[in-house]
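K.L.:
Just passing along the structure, written as structure tokens.
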Amino acid sequence: MPSPLPRILVARRLTQAATERARRDFDAILAEQDMTAEEAIAAAAAHQAEALLIGPKVKLDEAAIARLPAHVKLIANSSVGYDHMDAEAARARGMLVTNTPDVLTDCTADLAFLLLLAACRRAHEYEALMRQGWRKGLGLPDMLGVRPSGKTLGIVGMGRIGRAMAQRARGFGMRILYHNRNRLAPELEQGAEYFPTVAEMLPHCQILSLHLPGGARSGVLMDRAAFAALPKGAVFVNTARGSLVDEDALLEALTSGHLFAAGLDVFRKEPDYDTRFAALPNVFLTPHVASATLETRDAMAMRALDNIAAVTAGRAPLDPV
Ligand SMILES: NC(=O)c1ccc[n+]([C@@H]2O[C@H](COP(=O)([O-])OP(=O)(O)OC[C@H]3O[C@@H](n4cnc5c(N)ncnc54)[C@H](O)[C@@H]3O)[C@@H](O)[C@H]2O)c1
Ligand SMILES: O=C(O)[C@H](O)[C@H](O)COP(=O)(O)O
């Protein structure tokens, strides 16, 4: 007998608790490995799924959205960013799109701050040195870092994560500058200084951290001119999206010594990122893991399932995008 539960496709691996809920509350096909877009489209059709749960690895461009079967009512992203899919094309086909804001804000800001501190304080170089043998390098003048406390931090994208980053920076006595599409209300600014353009802000940023969405709408924010506009010795942090950065320009700025260091969680190509970054000592690298704690991944998956439960029960989604 067919199950009375809503049919869904979970195209990415979920945490244990979310997997159990998906099995209990839905007639769910659960991916054992993260699916590609083509695999997700085929599985959704075969299972007659009403809803898809995807992550950023399922790239649904306009052509892929056009191939999704019409019985798909909802594409629920288990991520806050949705630049991996064409939300306009989905809407044009009458499909709802949701994301998972808020639940990953703190973890993402924590990792951005970790990258900031590690890049300034050469954490990875010291750690590698300890494993090779302490005596080899400590005390050399070229092993000195940059003091993060009291520095001027520029934030582009003062939304949920940008503001959580600012909150952390205040604890380190930093002066905070920001550029956002719209200026924030004073109670949200909390003393952060607004710049109407990124170009005007860059020359003042000893540290720059990106927190705006990626994709076509944002374009390439950090090109050669933008890196050149940062003061010499600046530190660059990106947990937003690799598409915001001209990586050749960033590599040049790091190699020439114009930038002191960078901390990067996101890349133009993932997972096949430009390995020239790995050859540079002044880059601290993480593999797109800003939200990757058990608590946060649980919360993201549960939120995506909450959105699916609402829509398949005929209610409005919690997090429409
Ligand atoms: N590395 C990771 O694992 C990870 C995890 C979570 C989020 N992210 C990225 O962080 C981004 C921000 O997430 P959020 O929850 O803070 O989103 P948000 O919507 O709360 O904040 C984004 C802010 O950027 C501003 N903005 C948008 N376009 C802009 C532009 N062109 N110029 C200036 N400002 C612009 C918006 O006005 C908004 O205030 C996500 O879109 C995602 O790409 C990455
Ligand atoms: O935008 C987001 O929410 C993040 O990029 C997302 O959390 C990353 O998730 P993953 O790459 O593990 O699918």
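K.L.:
Based only on Cα atoms, what mean projected area does the convex hull of the chain have, in nm²?
P.N.:
Result: 18.1 nm².
K.L.:
Residue by residue through the range 223-228, which ³J(HN,Hα) values in whole Hz follow from phi under the Karplus form 6.51 cos²θ - 1.76 cosθ + 1.60 (θ = phi - 60°), with glycine and proline marked x?
P.N.:
Here the 3J(HN,Hα) series is 10, 4, 5, 5, 5, 5 Hz.
K.L.:
Under 25 Å between alpha carbons, and skipping anything fewer than 8 positions from Lys232 in its own chain: which lysines qualify?
P.N.:
Lys151
K.L.:
Summarise the long-distance tail of P(r) for the range 104-285 by giving the % of C-alpha pairs beyond 28 Å.
P.N.:
20
K.L.:
Given H placed on each backbone N at 1.01 Å, which residues far from Phe284 in sequence or on other chains put an amide H within less than 5 Å of it?
P.N.:
Here the answer is Ala262, Gly263, Leu264, since their amide H atoms fall under 5 Å of that of Phe284.
K.L.:
Can you report the principal axis dimensions of the range 66-183 using only the alpha carbons, biggest first, rounded to whole angstrom?
P.N.:
Projected onto the principal axes, the Cα atoms of the range 66-183 cover 65, 38, 20 Å.
K.L.:
Now, a different point. Using amide H atoms built 1.01 Å from N in the peptide plane, name the residues 5+ places from Gly154, or on other chains, whose amide H lies under 5 Å from its own.
P.N.:
HN-HN under 5 Å from Gly154: Leu177, Gln206, Ile207, Leu208, Ser209.
K.L.:
How many nm is it between the label spots at Arg217 and Glu62, if each spot is 7 Å from the Cα in line with the beta carbon?
P.N.:
So the two model labels end up 1.6 nm from each other.
K.L.:
Can you give the FRET efficiency for His204 and Arg13, using 1/(1 + (r/R0)^6), R0 = 45 Å, r = Cβ-Cβ distance, to the nearest 0.05?
P.N.:
That gives a FRET efficiency of 0.60.
K.L.:
If I stretch the segment between Leu280 and Gln190 completely, what's the gain in nm (0.36 nm per residue apart, minus their alpha carbon distance), one decimal?
P.N.:
28.7 nm
K.L.:
Given the C-alpha atoms of the range 192-321, compute the convex hull and give its volume per residue in Å³.
P.N.:
Per residue, the Cα convex hull of the range 192-321 comes to 147 Å³.
K.L.:
Leaving out same-chain residues fewer than 8 places away, which lysines sit with a Cα under 21 Å from that of Lys73?
P.N.:
Within reach: Lys57, Lys59.
K.L.:
While we're on this one: For the chain, which whole-number percentage of the solvent-accessible area (1.4 Å probe, protein heavy atoms only) is attributable to carbon and sulfur atoms?
P.N.:
Taking all protein chains in place, the chain shows 55 percent carbon and sulfur surface.
K.L.:
Each residue of the range 234-245 in turn: what ³J(HN,Hα) in whole Hz from Karplus with 6.51, -1.76, 1.60 and θ = phi - 60°, glycine and Pro shown as x?
P.N.:
6, 10, 10, 10, 9, 10, 8, 8, x, 5, 7, 10
K.L.:
Could you pull out which residues in the range 59-101 have an amide N less than 13 Å from a spot 7 Å beyond the Cα of Glu39, following the Cα-Cβ vector?
P.N.:
59
K.L.:
Could you give the accessible area per residue of the range 104-285, probe 1.4 Å, as a whole number in Å²?
P.N.:
48
K.L.:
If R₀ is 35 angstrom, what is the calculated FRET efficiency for the pair Glu270 and Ala92, using the beta carbon separation as r and rounding to 0.05?
P.N.:
0.80
K.L.:
Same structure, new question: List every residue whose amide H lies under 5 Å from the amide H of Ala28, counting only residues 5 or more places away in sequence or on a different chain, with H placed 1.01 Å from N in the peptide plane.
P.N.:
Those qualifying (amide H under 5 Å, at least 5 residues apart or on another chain) are Ile8.
K.L.:
HN-Hα J couplings of the range 57-70 from phi, Karplus 6.51/-1.76/1.60, θ = phi - 60°, integer Hz, Gly and Pro as x?
P.N.:
Each residue's phi maps through the Karplus curve to give 7, 8, 8, 10, 7, 4, 5, 5, 4, 5, 8, 5, x, 5 Hz.
K.L.:
Now a separate question. Viscosity 0.890 mPa s, temperature 25 °C: Stokes-Einstein D of the range 259-316 from its Kirkwood Cα radius, in µm² per second?
P.N.:
Roughly 173 µm²/s, to the nearest whole number.
K.L.:
Ok, one more. Enumerate the helices in the chain for which the Kyte-Doolittle hydropathy averages -1.0 or more and the C-alpha atoms extend at least 20 Å along the helix's axis, using complete DSSP H runs.
P.N.:
Passing helices, by number: 105-121, 294-312.
The values are calculated or read from the model by the stated rules, or taken from the named source; none is laboratory data. Computed from a predicted model, the values in this text were never measured in an experiment. Reconstructed Cβ throughout: ideal geometry from the backbone, glycine too, with neighbour counts over all protein chains shown. We work out accessible area using only protein heavy atoms, side chains counted, and drop any ligands, DNA or RNA first. Shrake-Rupley method; radii C 1.70, N 1.55, O 1.52, S 1.80 Å.
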